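None of the figures in this text is laboratory data; all of them are computed from the coordinates on show. All values reported here derive from a predicted model rather than from experimental measurement. Counting neighbours? That spans all protein chains shown, and the Cβs are built from the backbone with ideal geometry, glycine included.
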Amino acid sequence: MRVRGGGLRRTLIGFGELAVTLGLVVVLLAGYELWWTNQSADAGARATVASLERQWQAAARARSTLPPANATVPASLASSSPAASSPVGAPSPGSSAPAPPPGSGSGGGGSGGGVNGMARDLTAFAVIRIPVLDITFPVAQGVDKYAVLNHGYIGHYPGTAMPGQPGNFAVAGHRNTHGEPFRHLDRLRRGDTVIAEVAGWYYVYTIDSVLPETSPSDVDTVAPVPHSAFHPSSRYGYSVPGSYITLTTCTPEFTSLYRMVVWGHLVGQEQRSGS
């Protein structure tokens, strides 16, 4: 009997040690997901925003040092170039006109400039600020969890408009873990401001409505004229073309069962000055 009792005791002790070990593993995993992923993603996001800001500020300073568009080239240089007598900043004969600023209606195209050029050339191409929530996060192309969102970025839905352009600038972000940029998206109210910055241009949107919950398959929420096919109330979304922003995240918290959607419209834009 003493032998059988000893074996049972050892078995119970073994199960107890296993349970403690599993409990520690669970605690460590929870700590990793809820704390470390936020710390790591926040650090990466801050570094990315700082890098973009430095780049844009340098570009703004460079623009501010250019001579006025109506300045003329000195006579001593007049023979050095066929286009020397043209005003500085004017296109040379046979060249294309300078590209308009991002959001001016041209699409900001070009291989090296404008909104679309930034999106192609950089992993992060924009910064979103929501003053009432005190958040600032970089924006990258795509909404894949592993490639974009888990790095602390807000993801731009492919095929939707760029900031400031006609259509719907639609983005997604984590509500929990990995920086959780949209943790408190439910706190936004009508009239709150969202700012999208791209290459030194600020695009200011005003929030119009918040859809607390809809299906992940409600794809019309990111359509060019965004609205909800599942919640057709006039309180949610729009019915006419315009320049809109859509912010999406998962809900309820710590799940991905449904989507929360916030909509706003463009109210202004401003270019950063050199400093």
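Under the 0.36 nm per residue contour assumption, what length would be gained going from the current alpha-carbon distance of Arg54 and Phe254 to full extension?
Computed gain between Arg54 and Phe254 is 68.5 nm.
Going by amide H atoms built from the backbone, whose H comes under 5 Å of the H on Arg272, apart from near neighbours?
Trp201, Tyr202
State, to one decimal in nm², a quarter of the convex hull surface area for the C-alpha atoms of segment 193-275, i.e. the direction-averaged projected area.
Average of the hull's projected areas for segment 193-275 equals 6.6 nm².
Could you run the Karplus curve 6.51 cos²θ - 1.76 cosθ + 1.60 with θ = phi - 60° over segment 222-232 and give me ³J(HN,Hα) per residue in whole Hz, x for Gly and Pro?
Working through the residues one at a time gives 10, 5, x, 10, x, 6, 10, 6, 8, 9, x Hz.
Can you compute the modelled spin-label distance between Asp134 and Val240, with each label point 7 Å from Cα toward Cβ, in nm?
Label at Asp134, label at Val240, 3.9 nm between them.
For Arg9 and Asp186, calculate 0.36 nm times their separation in residues minus their Cα-Cα distance, and state this gained length in nm to one decimal.
Separation in residues times 0.36 nm, less the Cα-Cα distance, equals 58.4 nm.
Using r as the Cβ-Cβ distance of Glu270 and Ala43, and R0 as 35 Å, what FRET efficiency do you calculate, to the nearest 0.05?
0.75
Tell me, what is the FRET efficiency for Thr206 and Tyr146 to the nearest 0.05, using R0 = 41 angstrom and their Cβ-Cβ distance as r?
0.80
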